[in-house]
Structure formats: structure tokens, C-alpha cells
1. Work out, in µm²/s and without decimals, the Stokes-Einstein translational diffusion coefficient of the stretch 398-494 at 25 °C, 0.890 mPa s, Rh from Kirkwood over C-alpha pairs.
2. Estimate the FRET efficiency between Gln319 and Lys207 by the formula 1/(1 + (r/R0)^6), using the beta-carbon distance for r and 45 Å for R0, to the nearest 0.05.
3. Averaged over every viewing direction, what's the projected area of the C-alpha convex hull for the stretch 271-374? Give it in nm², one decimal, please.
4. Give me the extension gain from Tyr391 to Val473: residue separation times 0.36 nm, minus the current Cα-Cα distance, reported in nm with one decimal.
5. Compute the distance in nm between two label points, each set 7 Å from the Cα along the Cα-to-Cβ direction, one at Glu189 and one at Asp372.
6. Order of 465-477, 408-420 by packing, highest average Cβ count within 10 Å first?
7. Hey, can you grab everything whose amide H is under 5 Å from the amide H of Gly437? Only 5+ residues off in sequence or another chain; H modelled, so Pro and N-termini drop out.
8. With a 10 Å radius around each residue's Cβ, average the other Cβ atoms per peptide and rank 230-240, 147-157, 77-87, highest first.
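Bear in mind these aren't lab numbers, they're just calculated from the coordinates by the rules spelled out. Keep in mind that what you see is a predicted model, and the values were worked out from it rather than measured. Note: ideal-geometry Cβ built from the backbone for every residue, glycine included; neighbour counts use all protein chains shown.
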Amino acid sequence: MREKDDKNSTYFKNAYDKQANLPKTKRKINPEDEGVYYNPTRSSSEFQTPKKIDRPTGKPRKAPRHAQKSGSSQYAMFIMLTVAGGIAVCIFVFAYMFNSFKTNTPQPTQSTETVTQNTPVAEDKYQEETALVKAINITRGLMELYAVNDGKTYSVLVEGKTLLKNKYGQEISLSEFKLGDIVDATFTENTDIAKSIKISAEAWEQKSIQKYTLDNTTNTITIGNSVYKLNDTAVILYNDTPVSKATISPTADVLTVKGYKDNAWSVIVEKSHGFVTVKNKDKVTDGTVEVDTTQVLQLSDIDKIELTEGNHKLAVKGQNIEPYVATLKVIAGETAEIDLATTQEKTGVVVTTLNTTDVAVTINGETQTKTDEPYVLKYGTYKFKVTKEGYDDWEKEIIVDKPTVTLKVDLAQQPKVEEPIVVIQQSQLLINSDPDGGDLYIDNLYIGLTPVKTKVDYGTHTITIKKDGYKQVPVQIQVTEPSREIVITLQKNQ
């Protein structure tokens, strides 16, 4: 019995030493309860706690005998459970490996053997092409390809197992391919079933190109210093709709170009163009149109302005108008209009200084009612004329091209011309009639009753005497002497 007790004591001591060497988080024994054991044959109320180890000496006190027996039983149970668990694990691993081997091992059937013996299976032959995507039917899973090397067209079928990738090797769906893409396609020779379609890593792409030239004669497009062939088979699109190459405007359209080697195979019009017209441009002198502060056009040289679709700021300037600024939305294929009829014309003030007063002023032939005030005129050319009696006329053409124009008018006074003295010679006439008492008229002017003395100028005169009962006979005389006496005999009426 003593030997057994010594063995039990040694077991607990060894167990304690093992637990003491573990980290605290993994220990199974609480330091405050060292020596606690559990006897599965007794109730939970029968936990027995031996006396604690004497810390000063480091020697554990001997446990009672019943505690030593219970520890031996617990150790035996531990060994049994460990062995049983190991056996169970081995059985599980063996069963799993056997099932996997059985599943992966091909099981030939009678029908398979028959087919193998009678009908040999031919391997699919695949064809590889670098091609241009000309059409895509997502519903039917079809893609029309134009081979860039031999010019042949293929309609390939895209199945669920077809491998679809972008140029970076990432898997994509059929809907992510675009018309004009250049792809590397692998498909069966006989059935055209696609094995894989990938965006070609050797294809090139240039986006948002604004500076380029198109030559329809040589079928080329020049981008920077590079010249590429642009064949009639190339895909040209605007808003995913095919358009003619002739509709592209190198001065306004923005392009994305995709190609392979020295050929451009697709042209995508990112932004097309519209037009802007200018109405009533003849009202502007020396006019210019400034587009987006980057382009200046002479107003007289333009009919329509081609501009990239979108918003643009246009400023019309002229010598005779205030700047006209407008923001227009240009829509592809449509024409917007600027009307200069409502532009505000520039005006200047003409201030005149005169060396005299009471003058008459005309501007471009129109008489001005106010001559002592400044004239407000629109920018332009005008003809001024200032007149006054006794002065020489003053005329000048002026240009109003600034806010204030000063006009100095000096009228030259005409020299006084003395009129020559004209001496009028007269003659003293004594006119009588026989019989006298007749009414005398000289040049139809009544003079008096004859005899009459009167003065007349030298020259020719007509004398008429009127008297009742006598004829009126006009007599013409020539007066050339200082005095003269004239008697006219009257004749009676018959």
C-alpha cells in the first residue's frame, strides 16, 4: 500500500510540474486550487481538496489514501479516451481517402467501350485570328469578325465556356466588347465556335484626338507625326451608329482611333460638330469673332463656323459696336445663329469750335437745327459743311472712332467788292399834241395832259396819246440827246 501511495504522489507531482511550465493562459489547474481532482464515480459534492503545498519547503503534503486511489483511476480513464480518439481519427481519414480515390477513378461502361471501339473521336482544330469586331449580337451570342491579316469575315459563336478577357487578362462579359475593338480570337475551323476572345494586347488606341488630318485621296489619317492607313473596311461610329468618313470635320470633331500596326481600323467620333452663322454682320465695321478665347476669325470671311458640339463662348467685336458676347449650345448637325441687329453701336461726341456765329451746319447733307451744341454720332465717317453769308464755305470729312472728337472750324470772310458807279443819262422831253389836252403815256405809264415836260432815260421809248374822238397811234422814239421837243398830230376817228 505504501508503494502505491508513493506512486500516486509521484504522479500528481509530475502533473503539477508539467502544468507549472505552461503559460498561464493554457494551464488547466488554477494555482489557488492545486491538487484538486475529480472522481467520476462520486457525486459532484464529493470534491476533495487536499491540503496545500507547503511553499517554504516546496514539498507537497501527502494526500489521503482515497485521493490517491481516485487519481489512479482518472489516469487510466485518460489513457483510454486518448487511444479511442486516435483510432476514430484514423478511421475517418482512411474512409475519406478511399472515397476520394473511388470518385476520381474512371469507371468504364459497356457503352463507352463500344463507342471507343467503333467511332474514334476527332480532336477539334482551332484557328487563331487578330480581327476587327464588326458586329455583336448579344442575344444570339454571335460576333462578326474581320480578320486584319487576310481580310476574311467570320461569324463566331460565343458559348458559356468561351473565355472572354480584356487586354489586361481580366475576364469580361460579351456585352463589354464594343464595335471597333481589335481582338485575338481562337475558334474551331469547321463550326466557328469560339474558344477564347481577348482584346488584343498588340492593338493600339489613342483617345480624345483633336489635332489630326484626313486624306480621302490616299485613305490615310495623320495623328501627330504618324501616318496610318484608313481603309474602307474600317469601322467609323458616332453614338454607336455607323457614319461616313466624309462627315468627319478635322477642325471640330474629337476622335478615338484604334488600330493594329500601321492600320487604323476603327474611328469613334467622341464629339461631332454643329454650325454657327452670323446674321446682320454687315452692320459691323472691321468685325472679328473670337471663339472660346482661343480662335479669332475675320467676320467678313466667314459664312458658317464649324464648332465641336457643346457650349461655346463667342465674342463679336467691331470698330463701331460694343463687344457682343453670347454663350451658345452647339448641337451636332444643327445650326445656331447670332443676330447682330440688336448690338449696341458705339457713339462719339463731336465738339465744334467756330470763329463766328449764325452759321449753317450740314452733316452728310442733313441740315442741323442746333449749331451751338456737341453732336452725338455713331462711329463712322461723316462729311461736315459750315456756311455763312459773306464767308467762304468750310467742308471736311471726319472719322468718329473714339468717345470725343474735336472739330475746329475757321470760316474765311470774303473780301468786299465795290460795285461800279453806273451813270444813267436822262433827257428832258417836252411833249405836246395837236390838238392838245390829250392823255400822255410813255411806255404805258401815264404822264399827264399835253403839253407835258418829263425826263426819260436815254434809249427807246413808246409814246401814246389818248383823246376822245381821235385815234390812238403809238409812236416809238429814240432818245439820245439831253433835251427834245416832240409834237404829235392826232387824227380824228372816221
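1. 141
2. 0.55
3. Directional mean of the projected Cα hull area for the stretch 271-374 stands at 8.7 nm².
4. Values: separation 82, 0.36 × 82 = 29.52 nm, distance 5.45 nm.
Additional length available on full extension: 24.1 nm.
5. Result: 11.2 nm between the two label points.
6. Details: 465-477: 13.5, 408-420: 9.2.
Answer by packing, highest mean first, reads 465-477, 408-420.
7. Counting only residues 5 or more places away or on other chains, the set is Thr450.
8. 230-240, 147-157, 77-87
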